[in-house]
Amino acid sequence: MNQQKDMDDQLQVLLARQPIFTKNQDVAAFELLFRDESGEIDLTVAEDRGTLEVISNTYSNICQNGETQSLPCYVKVTDKTLLSENFPELPKNQFILELLGSSEVTAPLLKRLKEFGNEGYRIALSDYDPEDPKFSQLLGLVHVVKLDILRLGLDNLPDIIRKLRPYHLELLADKVETQEQFRGCLEMGFGLYQGFFLRRPEPVRGKKVSGSKVILLQLLAELENPNTTAQSLEQIAINDPALTFKILRVVNSAAFSIRREIESLSHAITLLGMDQIRRWVMLFLAASDGSKPDELTRNMLLRGRMCELLAEMAGRQSPINYFIVGLLSQLDVLLDMDMPALMEQVPLQQEIKQALLNRSGGLGEVLQEVEFYEEARFDELKGLLDRPFYEVAYRHSVNWAQQVMGALYGD
């Protein structure tokens, strides 16, 4: 990866996105989380049309069913920002203004919110506190209310929802950390959900890797053999016709742009090369069978690629191992198995296994950096590289994940 080229297109902020889900666990929107060098939320980046275009074209796009779609983005703003004369003109169909609960509710702010609503902006209210009377003045002016389920408590939510019902608001359950919490909020009638409930597995006792994944694990083991050949890999892969088709399709995918007549599966493997076959075996292993939301696979792809890019830019050896660690760091969630039990069934190097289990060693160090970044815990980054490299790597990984999702799930 050319560092100078990537530095030339860097943004002056650290920027990450977090998905907002529907009750079906489809992604409905993204929340943009960004900080400038001072550590503050800085909406002035949107005043630069080039930066705004980068944000719109990268952070709001998503690949679903092999097609790229643009989703709206929530942007947190303070009362001071909303009242500023220099407030940027954001595309109304792409951005939802999220008012912070710490805002001072004044007559000028209420007037400004009404003006924004009349202009066609959608407004969300975060940090809602039913005990604070200032919020009652806002409920008739906003469209979405975020309820922090950890702070408010699940048992208190039904009464809060009843009080909000007359305002006909869209309710967003925030800080949903587990599938159990998700199901509880689903029963209460929330329309939107945000949190890391897709980051933790719900282990099924005694569960084994499914048959469709066994072939991939056999391929993975064969790839660890230094004497492996395209023919030996072909003999394993042809036991799964669907996998054979996927490999042939990948050869002609946008991810590689190879346009040659394929004579056999071993020929396709030869064209890709062992490193790329190893990469795609990992990708197929990470792909959902339909029982998990696409966003989980998308995030696994993003993690893998960002780990690899950071390793490349930091001059680390064997960047492919960093890709593997990032990609498989949520395999436990995908398969609903504890990571220790899963590692007993997956043929990986011990260094990779320890990174996945304990975040240890150089591989684990980079993985943890990526986890901090994607959760917008920017102040916890150790700084393996200058911070602008992180944003560049993240943005490129978002784009790469979209491209690969098209190859994995496209027709």
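The values are calculated or read from the model by the stated rules, or taken from the named source; none is laboratory data. All values derive from a computational prediction rather than experimental measurement. Cβ placement follows ideal geometry from the backbone for every residue including glycine, while neighbour counts extend to all protein chains displayed.
Key figures for this structure:
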item	result
Some residue of segment 102-124 being in contact with a helix residue (DSSP H, G or I) (Cβ under 8 Å, 6 or more places away or on another chain), touching a residue at least 12 places away in the same chain (Cβ under 8 Å), farther than 19 Å from L33 by Cα and of a type in the set (F, W, Y)	yes
Residue that is farthest from V281 (Cα to Cα) [pool: residues in segment 186-221 that are modelled with pLDDT under 90 and of a type in the set (D, E, K, R)]	R205
Pair list, Cβ under 7 Å, 6 or more apart: segment 174-188 residue closer than 13 Å to I20 by Cα, other residue among the β-branched types (V, I, T) and buried (at least 18 other Cβ atoms within 10 Å of the Cβ)	D174/I149; K175/I149; V176/I149; F182/V176
Pairs with Cβ under 6 Å, 6+ apart, first in segment 311-322 and in the same structural domain as K382 (by TED's automatic domain parsing), second of a type in the set (D, E, K, R)	P319/E308; P319/E312; Y322/E308
Test: residue in segment 387-409 that is buried (at least 19 other Cβ atoms within 10 Å of the Cβ) and without any contact (Cβ under 8 Å) to a residue 60 or more places away in the chain	no
Subset of segment 177-189 (residues that are assigned to a helix (DSSP H, G or I) and of a type in the set (G, A, S))	G184
Test: residue in segment 27-40 that is part of a strand (DSSP E or B), at pLDDT below 85 and within 21 Å of M306 (Cβ to Cβ)	yes
Total residues in segment 365-379, condition surrounded by fewer than 20 Cβ atoms within 10 Å (Cβ to Cβ) and either of a type outside the set (D, E) or at positive phi (or both)	5
Residues (exposed (fewer than 14 other Cβ atoms within 10 Å of the Cβ) and in contact (Cβ under 8 Å) with a residue 12 or more places away in the chain) located in segment 222-251	E224, Q231, N239, A242
Search result, residues across segment 325-357 that are among the acidic types (D, E) and either under 15 Å from K213 (Cα atoms) or in contact (Cβ under 8 Å) with a residue 60 or more places away in the chain (or both)	D332, D336, D338, E344
Among (1) more than 20 Å from the chain's Cα centre (by Cα); (2) part of a helix (DSSP H, G or I) - the single one L301 does not satisfy	(1)
Filtered residue count, segment 374-389, keeping only those that are assigned to a helix (DSSP H, G or I) and either over 14 Å from R17 (Cβ atoms) or in the same structural domain as P19 (by TED's automatic domain parsing) (or both)	5
Filter result (within 22 Å of M405 (Cα to Cα), in a loop (DSSP other than H, G, I, E, B) and of a type in the set (S, T, N, Q)) within segment 60-87	S60, N65
Filter result for E371 (within 17 Å of the chain's Cα centre (by Cα) and either closer than 27 Å to P19 by Cβ or assigned by TED's automatic domain parsing to the domain that holds V398 (or both))	yes
